[in-house]
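The values are calculated or read from the model by the stated rules, or taken from the named source; none is laboratory data. Here the structure is a predicted model, which means the values were calculated and not measured. Heads up, the Cβs are rebuilt from the backbone with ideal geometry, glycines too, and the neighbour counts pull from every protein chain shown. Ligands, DNA and RNA are excluded from the accessible area calculation, which covers all protein heavy atoms including side chains. Shrake-Rupley method; radii C 1.70, N 1.55, O 1.52, S 1.80 Å.
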Amino acid sequence: MPVKASDIQKLLPEGGKKNCKECGLATCFAFAMKLANTGIALEKCPYLVPESKAELEEMLMAPIKQVVLGQGSRQVVLGEEEVIYRHQKTFLHPPAFAIQLTDEEGETVWAEKIAKVSWQFERLAKVSRIDLVVLRSSSSSGDKYLELVKWVMAATDAGLILAASDAETLLAAYEVSKSRDPLVCVTAENVEAVAPRLDPNAAVCARATSLESLPGLVEKLKDAGLERLVIDPGSLKLLDLVRDQTLIRRAALQHKFRAFGYPTAFFAVDATPDLSLQVLLAAAAVAKYAGIIVVEDISEDLFQVLATLRQDIYTDPRVPPTVESKVYTFNNADQEAVVLVTTDFALTYYAVAGEAENSKQPAYLLCQDTGGLCILAAWSTGKLVPETIAEMVNKEGMAEKVKLKQLIIPGLVARIKGDLEEELPDWEITVGPKEAKDLPGFLHELKKRREGAA
Amino acid sequence: MLEKFLDKYPGMIREFSFGANGNQVMLGGQNALPFHDFEGASGKPMFALEITDSKPADWAGALREIYADVEASPVAWAQKCATVYGADAVFLNLDSMEKDLSAAEIASGVKEVAGAISVPLIVHGLGDKEKDEAVLPQVAAACSGLGLLIGPVLKENYQAIAEAALEHGHSIIAQVPMDVNLAKDLNIKLGKFFPLERVVIDSLTSALGYGLEYSYSTTERIRLSAVVHDDKTLQTPLIARVGREVWKTKEALQNPQKGILWESVTALNLLLAGDDIIILRHPESLKLVRSLL
Ligand code: SF4
């Protein structure tokens, strides 16, 4: 919940009535408004008494702390979320996906898994990757674990998560990989031994075995001076995942419960050995607030599923996704090509573009600027009507590009055919299918008919 | 210590049941958000498999292979879904309405299917205002007393279909295009003569990667209005036609294994958002999602 300007004002000099303008704003209240939107530094007011300043700092602190992991192009930003439901405001930082390597697996498996960390999956002009690597010690040999850590450091520049229950093993790995700023997993069993020996600026994942025991673990880490925290309530089932993640988010945002004011982690890998089920749990975790999601392994198909979901859930709910309004070409469109019309709403465009390509027939696709509306909405608001279509056909000089002059309009706006014929008298206007999936069949029929007529 | 973070919700989803004597299923009764068992009754989802009453010519190849032995007979197909794949209900698409079949013939086909299975039947028209209005009331009459769930009922044709459903003891699916307020409007209109205890909302579904976020948020908002804000007009179960949308995506068509995951993940996320009845096409997706719950 955002801080109210009136609550801030009460803590400003003379109860927020000094209005001396030294902060550069007309009144204390204006300054308070700026503070509420985090648009100005507290220090701009020279008259704040230390107690009020401390109180204001606490008040203005992000309810969920930002934590940055990884380095360079592999940097991942987590936390800072402000809402519980995505229609309220965009979920800000998409969760990081992590793949787990264990010291017992050996180099062949390591190499296979690390190769996946360089996958790049592109969709809607955004690239998705597996962001982090979890290094798990499952043998009892500290040497074996160090070997894994060193091997992975050489093999990838992705951010690292260290997970070893034995304190000495974990600390040795931390020393070795310090330059990479790893996220160190700490549990109730090893916190006393580990926490005092980490740098105060180390990134730490508090891994509890239940939501109830998590605050205690967080407090111990904070007492040791550690502040860059990720928290894991240890959920192992779908119901626990929803409960734990929901209560953490709610406690942080609505109750300002500081121990839960950090990005979270979910280890799907610990929930089940079945990879498909791990991915389903991971999918639930994407929607339900997890900051880091760990799977044991993943196929390209499964990764595509998760990456697509992450993109869906983390889109801005208020802005429809669009593609550039222009003429797209398919299958080496030439003089023989037909001309198709659709809108710049990304989902409509991708459905039509995919099928235009599948059809294997040369085609131009006029993608109209509608501000991201689907066909019917664009039509009913006057953004996909005979006038706008004719204007684009003329502006793009389509008449010179094709011999056929066959213009195919979406089946959903069949009713504009007559008016469009008047706007474009030289063109043959054809009503296409209502659904994109029927486009290849339709184009095929059209071609057969043309050839039959010739 | 965590008690102080728990919420109590004022609203409750109406108890809803459909199906004929002996094969009735119960839904509704939730007084908490989906999967919030820690705060109240969060409900148990129901899964239906989709079939069609004419040759599924436009279905994905992978699906047609699975149902090849039964696709010519809606009765056999429905039985396979219920007994072999364990669907909680069968969702029958009346694609035969596109053909030159009389409404009476279509309706008697539906009756045959309903009588042949031991799970409830959901019957769905084309979403074409006139055709549905001509056929669905006849289906309702022919299947009088069988407790079908019939849809879609649109703001353009709700009167005729809902009246027939009311007379013959069926429930209905109120369908609106992805909008909380439209769902509310239609239920208000229906509520004037039709018991909302027998209404399910379909706010239209889109697949993962093809607008899932819109369905997700619409569904979530409808459920929030019902449970958190106690909006009586929206306190009905929600239905999502997942299979149909997923099995026309290129991901599913190119690679059926990926299709199963696509369908499962779409279904799971809509369950998280608040859907109660999930319509699937691939039995493997049904198995996968169920194994998680
Ligand atoms: S400098 Fe401080 S006291 Fe002066 S107007 Fe700004 S906020 Fe008020």
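Tabulated data
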quantity: Qualifying GluC sites (Glu not before Pro) in the stretch A:297-349, DSSP loop, other Cβ atoms within 10 Å at most 16; calculated: A:E324, A:E336
quantity: Relative contact order [Cα under 8 Å, 6+ residues apart], chain B, whole percent; calculated: 20
quantity: Nearest-10 value in Å² for the accessible area of A:E219, using the 1.4 Å probe; calculated: 80
quantity: Cross-link partners of A:K220 among aspartates and glutamates (Cα-Cα below 13 Å; sequence separation of 8 or more within a chain); calculated: A:E189, A:E192
quantity: Chain A - mean residue ellipticity at 222 nm from DSSP helices (-39,500 (n - 2.57) per run, n ≥ 4, rounded to 500); calculated: -11500 deg cm²/dmol
quantity: Span from the the stretch B:207-260 Cα centroid across to the the stretch B:87-155 one, whole angstrom; calculated: 23
quantity: Between the stretch A:129-173 and the stretch A:314-354, the Cα center-to-center distance that results, in Å; calculated: 45
quantity: Global form of the stretch A:67-313, assessed from the alpha-carbon gyration tensor, a/c cut-off 1.5; calculated: oblate
quantity: Net charge dipole size for chain B [Lys, Arg +1 and Asp, Glu -1 on Cβ; Debye, nearest 20]; calculated: 340
quantity: Which of A:V49, B:V228 is most accessible, then next, and so on - probe 1.4 Å; calculated: A:V49, B:V228
quantity: Loss of accessible area when B meets A, both sides summed, Å² nearest 100, probe 1.4 Å; calculated: 4000
quantity: Length-normalised contact order for chain A - Cα pairs under 8 Å, 6+ apart - percent; calculated: 11
quantity: When each of A:K417/A:K447; B:K44/B:K80; A:K383/A:K417; A:K360/B:K99 is checked by Cα-Cα distance, pairs over 26 Å; calculated: A:K360/B:K99
quantity: In range of the label at A:R318: residues from the stretch B:251-282 whose backbone nitrogen is under 11 Å from the point 7 Å along Cα→Cβ; calculated: none
quantity: Relative contact order (%) - criterion: Cα under 8 Å, at least six apart; region: the stretch B:130-195; calculated: 32
quantity: Charged-residue dipole, Cβ positions (Lys, Arg, Asp, Glu), the stretch B:45-99 about Cα centre, Debye nearest 20; calculated: 80
quantity: Antiparallel content of DSSP bridges confined to chain A, in %, to 5; calculated: 20
quantity: Heavy atoms of B:M178: accessible area, 1.4 Å probe, square angstrom to 10; calculated: 70
quantity: Distant-in-sequence amide H partners of A:V134 (H built 1.01 Å from N, under 5 Å); calculated: A:I99, A:Q100, A:L101, A:I161
quantity: Rg in Å to one decimal, and Dmax rounded to a whole Å, for the stretch B:45-287 via C-alpha atoms; calculated: 16.9, 49
quantity: Probe 1.4 Å - accessible area at B:M1, Å² to nearest ten; calculated: 100
quantity: Enclosed volume per residue, in Å³, of the convex hull spanned by Cα atoms of the stretch B:222-293; calculated: 79
quantity: Which of A:W119, A:A98, A:G39, positive extreme of dipole for the stretch A:1-150 (C-beta unit charges); calculated: A:G39
quantity: Cα centroid of the stretch A:6-31 to Cα centroid of the stretch A:68-96, whole Å; calculated: 33
quantity: Å² of accessible area per residue within the protein assembly as shown, as computed with a 1.4 Å probe and no ligands counted; calculated: 40
quantity: Minimum 30 Å² accessible area buried by the other protein chains, the stretch B:30-62 residues, probe 1.4 Å, relative to alone; calculated: B:F35, B:H36, B:F38, B:D58
quantity: FRET efficiency, B:K55 to A:S213 (Cβ-Cβ, R0 60 Å, nearest 0.05); calculated: 0.55
quantity: Gyration tensor verdict on the stretch B:79-198 (Cα atoms; rounded if a/c is under 1.5, prolate if a/b is larger than b/c, oblate otherwise); calculated: prolate
quantity: Spread of Cα-to-Cα distances over 10 Å intervals beginning at zero, given as percent, for chain A; calculated: 4, 17, 21, 17, 16, 14, 8, 2, 0
quantity: Label-point separation, A:E168 to A:I84 (7 Å along Cα→Cβ), nm; calculated: 4.8
quantity: Amide hydrogen neighbours beyond the local backbone of A:A96, cut-off 5 Å, H modeled; calculated: A:I292, A:I293
quantity: Rounded to the nearest 20 debye, dipole of the stretch A:5-60 from Cβ charges on Lys, Arg, Asp, Glu; calculated: 300
quantity: Subset of A:K237/B:K287; A:K144/A:K178; A:K437/B:K184 violating a 20 Å alpha-carbon distance limit; calculated: A:K437/B:K184
quantity: Tensor-based shape of the stretch A:342-395 (alpha-carbon gyration tensor, a/c under 1.5 rounded, otherwise prolate or oblate); calculated: oblate
quantity: Dimensionless Rg over Rh [the stretch A:51-158; C-alpha; Kirkwood]; calculated: 1.12
